[in-house]
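To keep things clear, I will list the structure first and then write my remarks on it.
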Amino acid sequence: MSTQDRLTRYLLKCGLAPAVFILVIMIEGFLRPHYDWIHHWGSELSLGPFGWIQAMNFVVTGAATIAFAFGLRRVLRPGRGSLSGPLLTGLFGLSLIVAGAFTIDPQPGYAPPGTVAGQETLHGAIHDLNAFPCFAALTAAVLVFSYRFAGERRWGGLAYSVATAMIVLATFVVSGMLFTNALDNGTLPESLHGLVQRITIAAGFGWFSVFAVRSLRMSANVATPR
């Protein structure tokens, strides 16, 4: 195996990082005192004395996803989505870095030591605004690759990708509606927006790691571009 081939495989292995992200956010959600992953956003784990763990989870996963995008570009060209797919994947990775660099403001119902719920900061505003482009890039990337699967007549990959895009889009919208409604009605302790968001993350982030495994298998049969 040439040096270029080894580099490509290393970049593609970075696509497994989203699966690690899911693992970290679930473990932290169970272990963090006074935090309930069913009722709280995943980003709220970036708050408090141990918030750096989730912040780094965002940044490392984002950087790895960008690396994965470069690997995809090397193995997918030419063909459908060989440019737009990796580009959207890279934008998704960049949005994760932004999410880690600009932490969410403390939300009502969960204020770890050193934080005050209700405070509004520039960091928090950037984090909130970043949510839409993050999941929009994720969904668009999945749809672009589903278009490629259709061209290759890979019906299983097509069905899985379209289903993933629909789940991510629907749960992203529903989680936001649940939070807004609960905030307006003072029922945040009973809101299920955290649970629904975990479905969004598991479906979308999980898809990228599944695609990474597929891409690694494909790279073994693709000559390195000269």
Subject >> Highest-fluctuation residue, ARG80, ARG198, ARG32 considered, GNM on the chain with Cα pairs under 10 Å >> reply: ARG32
Original post:
Whole-Hz Karplus ³J(HN,Hα) for segment 119-127, in order, using 6.51 cos²θ - 1.76 cosθ + 1.60 and θ = phi - 60°, x for Gly and Pro?
Top reply: 5, 10, 10, 5, 4, x, 5, 5, 4
Original post:
Taking neighbour counts of Cβ atoms within 10 Å as a proxy for exposure, in what order, fewest first, do THR89, THR103 appear?
Top reply: THR103, THR89
**OP:** With springs connecting C-alpha atoms under 10 Å apart, model the chain as a Gaussian network and identify which of LEU16, LEU169, LEU183 has the largest mean-square fluctuation.
**Re:** LEU183
Original post:
Per-residue HN-Hα couplings for segment 150-155, Karplus 6.51 cos²θ - 1.76 cosθ + 1.60 at θ = phi - 60°, whole Hz, x for Gly and Pro?
Top reply: 4, x, 8, 6, 9, 5
**OP:** Show the residues, 5+ positions off or on another chain, whose built amide H is closer than 5 Å to the amide H of TYR110.
**Re:** none
**OP:** Compute the relative contact order of segment 88-226 as a whole-number percentage, counting only Cα pairs closer than 8 Å that sit 6 or more residues apart in sequence.
**Re:** 19 percent
**OP:** Could you tell me which label, among (1) 142; (2) 114; (3) 150, carries the value of volume of the Cα convex hull per residue in Å³ calculated for this structure?
**Re:** (2)
Original post:
In nm, to one decimal, how far is the ALA125 label point from the LEU31 one, both placed 7 Å along Cα→Cβ?
Top reply: 3.6 nm
Subject >> the chain: most fluctuating residue of GLY114, GLY15, GLY151 per GNM, C-alpha cutoff 10 Å >> reply: GLY114
**OP:** Sort LEU178, LEU45 so the one with the fewest other Cβ atoms within 10 Å of its own Cβ comes first.
**Re:** LEU178, LEU45
Original post:
Hey, what did segment 1-155 get for relative contact order, percent, Cα under 8 Å, at least 6 apart?
Top reply: 24 percent
**OP:** Taking all pairs of distinct Cα atoms, average 1/r, flip it, and tell me the Kirkwood hydrodynamic radius of segment 41-142 in Å to one decimal place.
**Re:** 14.4 Å
**OP:** Enumerate by residue number the trypsin sites (Lys or Arg not before Pro) in segment 98-195 meeting two conditions: DSSP loop (anything except H, G, I, E, B), and at most 13 other Cβ atoms within 10 Å of the site's Cβ.
**Re:** ARG153
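Taken together, the values in this text are just the output of simple stated rules run on the coordinates, not laboratory data. Just so it is clear, the structure is predicted and the values come from calculations on it, not from any experiment. Positions of Cβ are backbone-derived with ideal geometry, glycine not excepted, and every protein chain shown enters the neighbour counts.
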